[in-house]
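So the structure is just underneath, and the comments pick up after that.
The values are calculated or read from the model by the stated rules, or taken from the named source; none is laboratory data. Remember, predicted model here, so these are calculated numbers, not experimental data. Because the Cβ atoms are built from the backbone with ideal geometry, glycine has one as well, and the counts that use them run over all protein chains shown.
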Amino acid sequence: MTDIVKEFPGVRALKGVQLKVRPGTVHTLMGENGAGKSTLMKCLIGIHPPTSGKIVFEGKEVHFKNTLEALNSGISMIHQELSPVPERSVCENLWLGRAPRKGLIVDHKKMRQDSIDLFQKLGLDVDPDEKMGNLTVAKMQMVEIAKAVSYDSRIVIMDEPTSSLTDAEVEHLFRIIAELKAKNVAIIYISHKMDEIFRISDDITVYRDGEYIASDRAENLNVDKVIQLMVGREVTEMFPKVDCPIGDTILKVENLSAGRAVKNVSFELHRGEILGMAGLVGAGRTETAEAIFGMRTVTGGKIYKDGKELHIKSPEDAIANKIGLLTEDRRGNGIVGLLSIKDNTVLANLKKYGFPLNHKKMREDTEEYVKKLNTKTPSIDTPIQNLSGGNQQKVLVGRWLLTDPDILIVDEPTRGIDVGAKSEIHSLITKLAGEGKAIIMISSELPEVMGMSDRIVVMHEGIMTAVVDRKDFSSELILKYATSDVPYQPADGKQ
Amino acid sequence: MQKSFDKKKFLSQNSIWLVLIVLVIIMSIAQPSFFSVNNLLTLLSGEAVKGIMAFGVMFAILSKGIDLTIGASAALVAVITASLVQPADYANAILPGLGTLPAPLVFLIGLALGAVIGGIYGAIIAYTKIPPFIATLGAQLICRASAKIYTNRPVSNLSDDFRFLGSYRIGGVFPIIIIVFFVMFAISAFLLTQTRFGKNVYAIGGNDQAARVAGINVEKNLILVYIWCSVCAAIAGMLLAGRSGSADPANTGLNYELDAIAAATVGGTSHTGGICRVSGVLAGILILGVINNGLVMLKVDDNMTNIVKGLIIVGSVVLDMRKNAKRA
């Protein structure tokens with residue numbers, strides 16, 4: 001793949017990157033979240049055809065328009081989020097859309113036998129008659145790999161395949177990868193786990209911010225070198241961090257657990273402080289925020305605000321305790337797309353407007369925040385879905401400011417919005433901290449979280465691996481903790 | 001510029017009223033007696049009961065749900081309340097010897113009964129998250145059967161006081177049921193646009209996850225939606241009994257839920273949730289009423305009338321969806 005450019009409306013996601021994969025090798029793609037790895041793969045398999053650039057596969061230039069074309073040509077992808085049909089059997093999932101037929105009738109016997117043969121070839125222990133939904137994630141993944149093999153794939157792309165596997169399952173996966181290699185199949189492997197990458201990779205290519213950085217044989221690289229390549233830049237002063245006095249502890253989280261996603265997380269948050277939360281995909285940061293905000297069942301631990309223990313069972317309780325959460329999934333649980341800017345702005349604060357609702361006051365408040373946050377909209381009666389992502393985000397920020405929270409949790413507040421709106425939101429967050437509010441800022445962009453925060457909590461797979469003070473911030477350190485499996489031990493006077 | 005934009009928006013939002021006006025004109029030309037005061041009053045009083053049900057069920061549809069129970073719960077409330085207003089000396093009374101209770105008290109009993117029925121299946125929908133279609137289908141069967149268990153014969157010979165709202169005509173001409181209908185219209189409009197409850201239902205229908213994150217108690221509001229639906233059905237049931245003079249466990253309100261849903265749908269209430277205008281639903285009720293009444297007057301076959309209604313229901317949703325898609 002050479003000079004691949006992919007533009008989404010308003011964003012240049014890939015800026016002319018390249019990738020060269022040799023048959024019979026494992027080629028690992030590395031980079032921070034948003035570096036462009038997944039986008040590049042989506043270009044390759046035809047989910048997002050590239051805006052420009054050339055893809056050459058086995059000597060021929062190819063232009064896949066959809067995944068089916070790629071699949072039939074021998075390129076398959078095993079997604080991080082598997083999407084099986086859970087109520088149907090393994091067998092039917094395996095041959096989905098291409099079941100062997102006798103005339104018009106599906107040949108179930110042949111389908112079943114083919115599955116058994118395939119599983120035997122790969123050394124898989126899966127019952128083809130089992131319902132797909134009853135399999136473990138590991139087994140589902142194996143079935144996906146078997147499916148890739150059944151298409152006679154020459155390239156198999158694996159996006160974070162080990163993120164939900166146990167150690168034994170990972171070993172099994174690696175054995176299968178070795179077998180595929182032996183069959184001269186190329187594997188493109190995306191992962192954040194340094195140890196496994198260096199165990200199985202032949203080649204490593206690093207991307208950063210949609211650009212190609214470097215590519216080399218794995219034996220010529222080591223963990224430190226790769227992290228350096230991934231980070232590669234000095235943190236520039238584009239973040240308007242203003243040091244403001246940090247007050248008393250307002251929120252204390254003690255051994256917070258929420259199912260498997262959050263395990264024993266403890267931290268303190270002070271008035272006027274911006275506490276960053278860094279980590280890679282699946283670190284459990286969003287889940288921690290959801291647990292504090294009552295969106296997720298807390299299975300252990302305690303939360304105190306101003307010294308008093310909170311028992312938050314729902315977002316309603318959280319808001320009553322003056323906690324706000326600007327969620328990561330703007331479309332999923334942020335905006336109500338059909339409703340107007342006005343209705344979206346006042347949504348978390350309807351109690352304020354009495355009975356019957358004071359429409360005049362609602363309009364005034366909305367106008368005020370539209371002006372304050374510089375939201376660009378034709379009118380406050382416009383449906384919010386007609387605005388750009390950045391302006392939608394501003395409306396949501398306005399919604400939370402209107403509730404006058406003491407603690408505002410912002411989860412990926414600038415994801416997918418343009419640079420202008422981004423820096424406006426940054427200034428706003430800093431200003432809020434200056435007014436004595438406490439902010440928790442979750443961000444997958446290291447420069448952002450390092451530029452904005454007073455301290456950073458680093459998480460990895462549900463555990464908290466570090467709390468880093470501003471003076472110690474460095475991308476290398478945070479990335480090291482973000483891939484570490486060692487839980488944080490609070491310094492007891494010595495450090 | 002601004003002004004012409006508003007005009008366009010006004011037309012697009014109220015195009016359904018244009019449809020209604022055109023229909024009325026066509027009917028009036030085809031059958032001049034259609035547009036007589038007498039006939040229009042007949043039309044309105046005929047649609048009032050289903051219309052009140054439509055004002056209830058539109059909340060359920062707005063919340064991305066549905067309520068199939070309302071016809072049957074109307075029947076259940078109708079037979080129970082009717083049995084409380086039969087004369088003591090009436091040989092065929094369901095509760096012999098009880099005598100006639102005061103109508104206002106019986107009305108309150110009916111409303112409370114409606115609220116309890118809706119509260120029960122509303123709670124089941126809100127907390128078990130089973131599809132409202134299924135929950136209310138089950139509730140429909142249970143309510144209808146309960147009405148038949150309560151009495152196996154029509155309850156008749158009801159007190160005049162109880163029948164007042166359903167059948168009284170002011171000056172012998174103007175049916176008071178039309179006033180009840182417009183009062184219910186006003187209450188629905190008020191609930192929907194002037195209260196937190198209304199705003200909450202819009203948000204829940206539009207995006208229940210976002211509503212929850214914004215601190216809205218989704219469960220509580222869903223229960224309120226079905227309580228409101230069921231209270232509307234209770235009112236409709238008591239009006240029906242009052243209007244016809246009897247409550248029949250087997251036939252009162254039979255299939256009315258479908259007419260109510262059709263009216264709310266033709267009126268632009270979106271089954272994907274989050275879109276509803278009370279004025280649109282009013283127009284939807286009237287459009288179906290004009291078709292019912294007009295085609296009868298033109299002596300069009302009953303089956304033909306239903307075909308026309310079917311086409312209008314489907315056609316209106318196709319148009320609405322295209323309109324909404326364009327807006328998105």
Going through segment A:259-288 in order, the residues found to be buried (at least 21 other Cβ atoms within 10 Å of the Cβ), over 19 Å from the mean Cα position of the chain (by Cα) and outside any loop (DSSP other than H, G, I, E, B) are A:265, A:269, A:274, A:275
Determine whether segment A:85-94 contains at least one residue that is within 29 Å of residue A:43 (Cβ to Cβ) and either outside the structural domain of residue A:135 (by TED's automatic domain parsing) or buried (at least 18 other Cβ atoms within 10 Å of the Cβ) (or both). yes
Scan of segment B:172-224 for residues that are small (Gly, Ala, Ser) and either closer than 19 Å to residue B:52 by Cβ or touching a strand residue (DSSP E or B) at 6+ places or on another chain (Cβ under 8 Å) (or both), ordered by number: B:186, B:188, B:189, B:198
With the requirement that a residue be basic (Lys, Arg) and under 16 Å from residue A:76 (Cβ atoms), what does segment A:98-153 give you? A:98, A:147
Can you pull out the residues in segment A:352-380 that are closer than 21 Å to residue A:320 by Cα and either at pLDDT below 90 or exposed (fewer than 13 other Cβ atoms within 10 Å of the Cβ) (or both)? A:354, A:355
Residue A:284, sole failed condition from (1) farther than 19 Å from residue A:304 by Cα; (2) touching a helix residue (DSSP H, G or I) at 6+ places or on another chain (Cβ under 7 Å): (2)
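For segment B:125-141, which positions are of a type in the set (A, V, I, L, M) and in contact (Cβ under 8 Å) with a residue 12 or more places away in the chain? Even if it seems obvious, please write down each step before you answer.
So the first thing to find is which residues in segment B:125-141 are of a type in the set (A, V, I, L, M), and the list is B:125-126, B:130, B:134-135, B:137, B:139, B:141.
Result: B:125, B:126, B:135, B:137, B:139, B:141.
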Considering only segment A:50-70, state which residues are among the hydroxyl-bearing types (Ser, Thr, Tyr) and within 27 Å of residue A:96 (Cα to Cα). A:67
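Just need a number here: residues in segment A:73-108 that are among the hydroxyl-bearing types (Ser, Thr, Tyr), under 24 Å from residue A:185 (Cβ atoms) and not in a loop (DSSP other than H, G, I, E, B). Show your work before the answer.
Filtering segment A:73-108 for residues among the hydroxyl-bearing types (Ser, Thr, Tyr) gives A:73, A:76, A:83, A:89.
Narrowing the set further to residues that are under 24 Å from residue A:185 (Cβ atoms) leaves A:73, A:76, A:83.
Narrowing the set further to residues that are not in a loop (DSSP other than H, G, I, E, B) leaves A:73, A:76.
Here the count works out to 2.
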For residues in segment A:36-84 being surrounded by 21 or more Cβ atoms within 10 Å (Cβ to Cβ) and small (Gly, Ala, Ser), which is nearest to residue A:126 (Cα to Cα)? A:76
Residues of segment A:187-209 satisfying the condition of being under 20 Å from the mean Cα position of the chain (by Cα) and either not assigned by TED's automatic domain parsing to the domain that holds residue A:174 or not acidic (Asp, Glu) (or both): A:188, A:189, A:190, A:191, A:192, A:193, A:194, A:197, A:206, A:207, A:208
Restricting segment A:289-304 to residues that are more than 9 Å from chain B (Cβ to nearest Cβ) and assigned to a loop (DSSP other than H, G, I, E, B), the residue that is farthest from residue B:203 (Cα to Cα): A:299
Suppose the filter is among the small types (Gly, Ala, Ser) and either closer than 21 Å to residue B:118 by Cα or not in a helix (DSSP H, G or I) (or both); does residue B:73 pass it? yes
Given the conditions (1) modelled with pLDDT of 90 or more; (2) surrounded by 15 or more Cβ atoms within 10 Å (Cβ to Cβ), and given that residue A:232 satisfies all but one, which numbered condition is not satisfied? (1)
Search result, residues across segment A:137-188 that are of a type in the set (Val, Ile, Thr) and within 25 Å of residue A:109 (Cα to Cα): A:143, A:145, A:149
I'm told residue A:378 meets every condition in (1) free of Cβ contacts under 8 Å to residues at least 12 places away in the same chain; (2) over 26 Å from residue B:275 (Cβ atoms) except one. Can you identify the failing condition by its number? (2)
Considering only residues that are modelled with pLDDT under 85 and of a type in the set (A, V, I, L, M, F, W, C), look in segment A:79-93 and name the one that is farthest from the chain's Cα centre (by Cα). A:85
Just checking, does segment B:60-75 include any residue being surrounded by fewer than 24 Cβ atoms within 10 Å (Cβ to Cβ), touching a residue at least 12 places away in the same chain (Cβ under 8 Å), in contact with a strand residue (DSSP E or B) (Cβ under 7 Å, 6 or more places away or on another chain) and more than 19 Å from residue B:246 (Cβ to Cβ)? no
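Just to be sure, is residue B:98 surrounded by fewer than 19 Cβ atoms within 10 Å (Cβ to Cβ), out of contact with any helix residue (DSSP H, G or I) (no Cβ under 6 Å at 6 or more places or on another chain) and in a loop (DSSP other than H, G, I, E, B)? Can you show your working first?
Details: surrounded by fewer than 19 Cβ atoms within 10 Å (Cβ to Cβ): yes; out of contact with any helix residue (DSSP H, G or I) (no Cβ under 6 Å at 6 or more places or on another chain): yes; in a loop (DSSP other than H, G, I, E, B): yes.
Criteria met by residue B:98.
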Among the residues of segment A:109-131, are any closer than 30 Å to residue A:21 by Cα and outside any helix (DSSP H, G or I)? yes
In segment A:384-391, is there at least one residue being within 14 Å of chain B (Cβ to nearest Cβ), buried (at least 20 other Cβ atoms within 10 Å of the Cβ) and among the polar types (S, T, N, Q)? no
Only helices (runs of 4 or more DSSP H) wholly contained in segment B:198-293 count here; list those with 2 or more residues that are within 14 Å of another protein chain (Cβ to nearest Cβ). B:208-213, B:218-244
Yes or no: segment A:55-63 includes at least one residue that is in the same structural domain as residue A:171 (by TED's automatic domain parsing), in contact (Cβ under 8 Å) with a residue 60 or more places away in the chain and at positive phi. yes
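If you check A:411, A:469, A:404, A:485, which single one turns out to be surrounded by fewer than 19 Cβ atoms within 10 Å (Cβ to Cβ), within 14 Å of another protein chain (Cβ to nearest Cβ) and in contact (Cβ under 8 Å) with a residue 12 or more places away in the chain?
Exactly one residue qualifies, and that residue is A:404.
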For segment A:163-178, give me the residue count where each residue is surrounded by 12 or more Cβ atoms within 10 Å (Cβ to Cβ), free of Cβ contacts under 8 Å to residues at least 40 places away in the same chain and in a helix (DSSP H, G or I). 6
Tell me yes or no: at least one residue of segment A:107-118 is modelled with pLDDT under 85 and of a type in the set (Ser, Thr, Tyr). no
Residues of segment A:345-366 being in contact with a Leu (Cβ under 9 Å, 6 or more places away or on another chain) and acidic (Asp, Glu), in sequence order, are A:365
